[in-house]
Amino acid sequence: KNEVEQSPQNLTAQEGEFITINCSYSVGISALHWLQQHPGGGIVSLFMLSSGKKKHGRLIATINIQEKHSSLHITASHPRDSAVYICAAIQGAQKLVFGQGTRLTINP
Amino acid sequence: DSGVTQTPKHLITATGQRVTLRCSPRSGDLSVYWYQQSLDQGLQFLIQYYNGEERAKGNILERFSAQQFPDLHSELNLSSLELGDSALYFCASSPQIAGGAETQYFGPGTRLLVL
């Protein structure tokens, strides 16, 4: 069993739909990253959070430390949101343990 | 643009060879991290350097080594290359001033193909 599990592995939705990607972890963490990897391969850090909720534009990330679970939500999804979304648990000061990623496709 | 640069972008080489990947962190960032992304293993943490010193080690093979220089750029050396080393290699940087968890900024990656 992976230390960081994401679901679903693949998600296809229509433009405008509300998207939820889940991340569960079994290790002790100091924080959790949500990353976005574009089809070209580049990785962008979307959020780093250790408690509660963060919002940036149409993206919202939440974390429940007691339940060892985090979610990434996308409101009013758009084709340009199509990417692989990766959660990464931060162990200790900086070691990242990655989930396998969720491939999101938003159709127009 | 994250401010992290990596060279080369693409590298094609043969089994048994040695290559060096280079990473320049964002201006002012003291920490550099190396990651490997392969099709079967996903993203894996390899190693972290902070201000020239090794700080944390992950799943880095003995055939691989890294260092961070006084100007804070870092190099990842891969030797005795095998087909399975074909992957995308990312570096990332963070300020690591106060310690604790920080946002990491990723470079564009080096795509290595071993034939």
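The values are calculated or read from the model by the stated rules, or taken from the named source; none is laboratory data. Note that the coordinates shown come from a computational prediction; the quantities given were computed from them, not determined experimentally. Don't worry about glycine lacking a Cβ; one is built from the backbone with ideal geometry, like all the others, and counts go over all protein chains shown.
Some observations on this one:
- Among the residues of this structure, B:Thr7 counts as one that is in contact (Cβ under 8 Å) with a residue 60 or more places away in the chain and either away from chain A (no Cβ under 13 Å) or within 22 Å of A:Gly101 (Cβ to Cβ) (or both).
- The stretch B:24-47: number of residues that are assigned to a loop (DSSP other than H, G, I, E, B) and touching a residue at least 60 places away in the same chain (Cβ under 8 Å): 5
- Criterion violated by A:Ile19 - all others in (1) out of contact with any Asp or Glu (no Cβ under 8 Å at 6 or more places or on another chain); (2) over 27 Å from B:Ser93 (Cβ atoms); (3) modelled with pLDDT of 90 or more satisfied: (1)
- The stretch B:68-115, residues that are within 14 Å of another protein chain (Cβ to nearest Cβ), exposed (fewer than 15 other Cβ atoms within 10 Å of the Cβ) and polar (S, T, N, Q): B:Thr103
- Unmet requirement for B:Ala66, which otherwise passes all of (1) under 23 Å from A:Val4 (Cβ atoms); (2) free of Cβ contacts under 8 Å to residues at least 40 places away in the same chain; (3) aliphatic (A, V, I, L, M): (1)
- Of all the listed residues (A:Ile90, A:Ile86), the sole one being surrounded by 17 or more Cβ atoms within 10 Å (Cβ to Cβ), modelled with pLDDT of 95 or more and either basic (Lys, Arg) or outside any loop (DSSP other than H, G, I, E, B) (or both) is A:Ile86.
- Top-ranked residue of the stretch A:52-107 - restricted to ones that are without any contact (Cβ under 8 Å) to a residue 12 or more places away in the chain and within 11 Å of another protein chain (Cβ to nearest Cβ), ranked as farthest from B:Leu39 (Cα to Cα): A:Gln94
- Entry remark, the stretch B:50-67: residues being at pLDDT below 90 and buried (at least 16 other Cβ atoms within 10 Å of the Cβ) number 3 in total.
- Residue match in the stretch B:16-23 (condition: over 13 Å from B:Phe90 (Cβ atoms), more than 12 Å from the chain's Cα centre (by Cα) and either within 14 Å of chain A (Cβ to nearest Cβ) or among the hydroxyl-bearing types (Ser, Thr, Tyr) (or both)): no
- The stretch A:3-51: number of residues that are facing chain B (nearest Cβ under 9 Å), outside any strand (DSSP E or B) and surrounded by fewer than 20 Cβ atoms within 10 Å (Cβ to Cβ): 5
- If the condition is being under 14 Å from A:Thr12 (Cα atoms), over 15 Å from the mean Cα position of the chain (by Cα) and of a type in the set (D, E, K, R), then the stretch A:57-106 contributes only A:Arg80.
- Considering residues of the stretch B:48-67 that are part of a strand (DSSP E or B) and within 13 Å of another protein chain (Cβ to nearest Cβ) only, the residue farthest from B:Gln96 (Cα to Cα): B:Lys57
- Candidates in the stretch B:27-45 are the residues that are surrounded by fewer than 20 Cβ atoms within 10 Å (Cβ to Cβ) and of a type outside the set (Asp, Glu); of these, the one that is nearest to the chain's Cα centre (by Cα) is B:Gln44.
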